[in-house]
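Single-structure report; data block below.
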Amino acid sequence: MAEELIPADSDEAAAAAGAEEEEQPIKQRKNGLYPGVSDELAENMTSGWADTELRDLEPIAQAAHTADRRAALSARFPGERLVIPSGNLKTRSNDTEYAFRASTEYAYLTGDQSEDGVLVLEPQGGGHRATVYLLPRSDRENGEFWLSGQGELWVGRRHSLAEAEQLLGIPAKDVRELPEKLREATGPVRVVRGHDAAIEAALTDKVTAERDEELRVNLSEARAVKDAFEIGELQKACDSTARGFEDVVKVLDKAEATSERYVEGTFFLRARVEGNDVGYGSICAAGPHATTLHWVRNDGPVRSGDLLLLDAGVETHTLYTADVTRTLPINGRYSALQRTIYDAVYDAQEAGIAAVRPGAKYRDFHDAAQRVLTERLVEWGLVEGPVERVLELGLQRRWTLHGTGHMLGMDVHDCAAARTEAYVDGTLEPGMCLTVEPGLYFQADDLTVPEEYRGIGVRIEDDILVTEDGNRNLSAALPRRADEVEAWMAALKQG
Ligand code: GLY
Ligand code: MN
Ligand code: MN
């Protein structure tokens, strides 16, 4: 099959057909212009296909929520046209593309994940009229469906515009008409930048970076408080992630025989089977790699006696991700020093989680966890006290390295464009979800700590929902306390 169709689809065939022919509709250039495609075959391929239109579709589960989100956005930008693209495929090499992941802003407002889609909110009356612009189904008559690399015969069936309307609850139009419409549009416009160069080019004379950034910031801040649908998805993400961690524990012997890649591949299987993907590159860091915060090469050995720091999260089909870390003894038992360090991080996390409640300052959980870690570092003689002096000078940061958490949602570092006053200087509210993830990291070449500390890294990370009266740990299915971790590992290895 590939033999026959590749010439017509390839760059070589396009070049052979000539640049002029590239400009023409496929129907006009099919006869004799494609090597390996006879006129008879070209004609034959236009007919004999069943009507597969889907009718009476139910709206997707989040349709009511996306309508509320669009209404909130509309209220913030009255009288302005708002353009929110999904993004395009990105070339990896030649005609091979990276896996597509719709922009968070677009998916948040539509529930759709199509590449090349664009949501437009057009001012109407006191509010806006929403339209989602999508690539319609491939045309069978002109050969697009099998002669174009983006034809459905190659990439799979898309929803028709009528189907998309029913599913999303938003009127749908052909996205190929949108650039022209945008060029002709009058009145104030804003676009979410960075996803679709062609859409931005169509608006280049109408938008400013500053005004577009205000739109991005607004959408980032709007996502801070999760609705009921989102909380359900985050719980699903955490539950799948817990199962992925169990999968890893069960195959630690295979990882020992191979490398950290076995851990990565094992978790990835769970993410792809139960969800859309991993929400970020899994950090599968054994031994001293645990002290590298974003260790994603995952090509090192997994050795009995060392720790495995696994930081990984399943992203659900609706694009909500977990972000969970456990630091596990590869042979099932923490050594005395590993346990001392682990317990310090555990105590710091307990203090951090206890500081997560409505009305608390966002910074409180970080400060609470840092204080506990600093007390231990002073107690162990690694830094000279008193604790207040160390905290004031930030000397603990040589070993604590990073902030104690971040907002979590569709992006692992969610709400990243929010203003400082709305985020790190802000106040926690019910519905916010954040990670609490203190750590201690003693680099292998850190001459300021005793030799036995060197190469040990510990992080414990959970996903904490702010509730009306406190918090709920969405990733509580995974044990955290050292003795519970050991018992859990022993049970999984036996089972
Ligand atoms: N996995 C990245 C982080 O914990 O922030
Ligand atoms: Mn993490
Ligand atoms: Mn995190």
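Quick notes
- Cβ crowding within 10 Å averaged over residues, with 285-294, 49-58 ranked highest first: 285-294, 49-58
- 0 to 90° range, to nearest 10: angle between helix 63-76 axis and the chain longest Cα axis: 90 degrees
- Evaluated at q = 0.10, 0.19, 0.24 Å⁻¹, the base-10 log of the normalised Debye intensity for segment 262-365, with identical point scatterers placed on the Cα atoms, takes the values -0.36, -1.03, -1.18.
- Comparing Val273, Trp49, Ala348 along the charge dipole axis of the chain, the residue lying farthest to the positive side is Ala348, per the Cβ-charge model.
- Among 444-452, 116-124, 374-382, sorting by the average number of other beta carbon atoms lying within 10 angstrom of each residue, highest first, gives 116-124, 374-382, 444-452.
- Positive-end residue, segment 87-230 charge dipole about Cα centroid, Cβ charges, pick of Trp154, Ala197, Leu167: Leu167
- The charge dipole of segment 115-205, taken about the Cα centre with unit charges on the Cβ atoms of Lys, Arg (+1) and Asp, Glu (-1), comes to about 220 debye, rounded to the nearest 20.
- About the centre of its Cα atoms, segment 82-151 shows a dipole size close to 160 debye [charges on the beta carbon of Lys, Arg (+1) and Asp, Glu (-1) only; nearest 20 debye].
- For the chain, size of Cβ-based charge dipole, Lys and Arg +1, Asp and Glu -1, in debye: 1120 debye
- Angle between the chain longest axis and helix 482-494 axis [Cα atoms, degrees, rounded to 10]: 60 degrees
- Mean Cβ count within 10 Å, highest first, over the residues of peptides 429-437, 106-114: 106-114, 429-437
- Segment 336-343 - phi-based ³J(HN,Hα) in whole Hz, Karplus 6.51/-1.76/1.60, Gly and Pro as x: 4, 6, 4, 5, 4, 5, 4, 4
- Reference-scaled alpha-carbon Rg (2.2 N^0.38 Å with N residues) for segment 43-83: 2.13
- Contact order relative to length of the chain, as percent, for alpha carbon pairs under 8 angstrom and 6 or more apart: 12 percent
- Principal-axis tilt of helix 364-379 within the chain, Cα atoms, nearest 10 degrees: 40 degrees
- Against the empirical 2.2 N^0.38 Å (N residues), the chain has a Cα radius of gyration ratio of 1.14.
- With Cα atoms as the point set, the radius of gyration and Dmax of segment 72-228 evaluate to 16.0, 48 Å.
Quick note: the coordinates plus some simple rules give every number you see, no bench work behind them. Model, not experiment: these values are computed from the prediction. Cβ coordinates were reconstructed from backbone atoms using ideal geometry, including for glycine residues, and neighbour counts include every protein chain displayed.
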